[in-house]
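The values are calculated or read from the model by the stated rules, or taken from the named source; none is laboratory data. Just so it is clear, the structure is predicted and the values come from calculations on it, not from any experiment. FYI the Cβ positions are ideal-geometry reconstructions off the backbone, even for glycines, and counts take in every protein chain you see. Side chains included, ligands, DNA and RNA excluded: accessible areas come from the protein's heavy atoms. Shrake-Rupley method; radii C 1.70, N 1.55, O 1.52, S 1.80 Å.
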Amino acid sequence: GGRQMPYIVRLETGTINRAVYQIAGLYDGTKPSPTAREATWNDRLVYTFGGGCNGGYHQGATTGGVLDDSMLSRGYVVASSSLNVLDNNCSPIISAETAMMVKEHVVETYGEPLHTIGWGGSGGAIQQYTIADTYPGIVDGIVPSIGFPDVMSTNGPNADCRLIQRFFAGEGASWPAEQKRAVTGFLNASSCQSWDLAFANRITATDSCPAVIPVEVRWNAVTNPDGVRCAALEQVANQLGRDPRTGFV
């Protein structure tokens, strides 16, 4: 029983806080105004957050996604930016700062929304939990999926599975399959293998460095002790004043 409008989407792209932002919404043919509401807007904002967790000294090439038919067709304005993707820069602090600044631009462009809904999974869920808890007012409600409570909660399985897989490749190679599975603590032994392959590089000093950082300038304990360190979880731990090995203060 909603209004029927032409399905024309206005997509704005620019840079805020050195991130690439995008704002999308249905377009009624007039320039958006904070004092004259778009007839196509339902006065509500969805802010999307992208997943992953990686260190990086770059702007990023993706946002949390703003061209979602289920949101746009219902009249929501949808916003996000490349620093709201944790795989571009694994820092909920930077994500919160960027979301605040992009949302300010939405308000200046469209007007103040009745409420802002957070949306995203995995690393996108981490950002929603931490931003809603630590920076109230940026989002009013959240819809996280594939949830983790925070970045550091992933550190234990990452480190444990990297060590366990190395042991199974050496002294523990002769262990029965069921004994290996039991040691991992997972229902399936493949889960620990996946943690190691997908995420363990992110707790090392340089394995998660993006290709744009030359090997010769990366940290090396012997040859380049002052080099660039790219460990995503190490970055977050330092920002939070925690020990990167444990996640605790």
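The spread of Cα positions in region 97-138, taken along each principal axis and listed from longest to shortest, comes to 30, 18, 18 Å.
From the Cα gyration tensor of the chain, with a ≥ b ≥ c the square roots of its eigenvalues, which class applies: rounded if a/c is under 1.5, or else prolate if a/b is larger than b/c, or else oblate? The shape class here is prolate.
Expressed as a whole percent, the accessible area of the chain that falls on carbon and sulfur atoms is 55 (1.4 Å probe). Rolling a 1.4 angstrom probe over the protein heavy atoms with all chains in place gives the chain an accessible area of 51 Å² per residue.
Apply the a/c threshold of 1.5 to the C-alpha gyration tensor of region 84-229 and tell me whether it is rounded, prolate or oblate. Oblate.
Translational D (Stokes-Einstein, µm²/s) of region 31-132 at 4 °C and 1.567 mPa s when Rh comes from the Kirkwood sum over C-alpha pairs?
The calculation lands on 94 µm²/s.
Remark: relative contact order (the chain) = 17 percent; criterion is Cα-Cα distance under 8 angstrom and separation of 6 or more residues. To the nearest ten degrees, helix 155-169 and the longest principal axis of the Cα atoms of the chain are 40 degrees apart.
Kindly work out what percent of the DSSP beta bridges joining two residues of the chain are antiparallel, to the nearest 5. Walk me through the numbers before you get to the answer.
Details: 13 of 28 bridges.
Counting only bridges with both partners in the chain, antiparallel ones make up about 45 percent.
Using Cβ point charges alone (K and R +1, D and E -1), the dipole size of the chain about the Cα centre works out to roughly 220 debye.
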